[in-house]
Amino acid sequence: MGLKLLLNKMIINVKVVPCSNCEKLEKISSNGYKIHVKERAEDNAANIKVINILAKELGVSFRKIRIKNLKSREKIVEITEE
């Protein structure tokens with residue numbers, strides 16, 4: 001896991017734990033997060049919640065956040081600055 005800044009893009013690694021009892025965000029490395037969400041991993045509900053949590057934590061619009069591998073719990077998230 002390494003923080004990468006590429007052409008106004010930041011890449012972070014996120015481990016998602018769906019169907020948790022509580023929602024919380026843990027920073028596990030310089031570019032890695034573990035996010036617990038209440039939503040199930042169905043119909044993108046957990047992914048949408050992850051985007052909203054990251055947007056709030058990082059202070060960016062949710063529209064600037066993209067998840068690269070939607071089907072995995074180990075996600076690569078791209079945040080653009082433009």
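Bear in mind that the values in this text are calculations on the coordinates, not laboratory data. Given the structure is predicted, the values throughout are model-derived calculations rather than measurements. Glycine gets a Cβ as well: all are built from the backbone with ideal geometry, and neighbour counts include every protein chain shown.
Can you work out the FRET efficiency for the pair E26 and N52, with r the C-beta to C-beta distance and R0 = 25 Å, to the nearest 0.05? Approximately 0.90, to the nearest 0.05.
Calculated mean residue ellipticity at 222 nm for the chain: -5500 deg cm²/dmol, from DSSP H runs with n ≥ 4 weighted as -39500 (n - 2.57), summed, divided by the residue count and rounded to 500. Within the chain, the longest run free of exposed loop sites, counting trypsin sites (Lys or Arg not before Pro) that sit outside DSSP helix and strand states (H, G, I, E, B) and have at most 15 other Cβ atoms within 10 Å, spans 1-37.
Rounded to the nearest 20 debye, the dipole size of the chain about its Cα centre is 120 debye, using +1 on the Cβ of Lys and Arg and -1 on the Cβ of Asp and Glu. Using the alpha-carbon positions of the chain, Rg (one decimal) and Dmax (whole number) come out as 11.8, 38 Å. Across the chain, C-alpha contacts under 8 Å between residues 6 or more apart give a mean separation that, scaled by the residue count, equals a relative contact order of 31 percent.
Computed over the chain with a Gaussian network model linking Cα atoms closer than 10 Å, the most mobile of L25, L58, L70 is L58.
Segment I11..D43, full-extension length gain: 9.1 nm, with 0.36 nm per residue of separation and the alpha-carbon distance subtracted.
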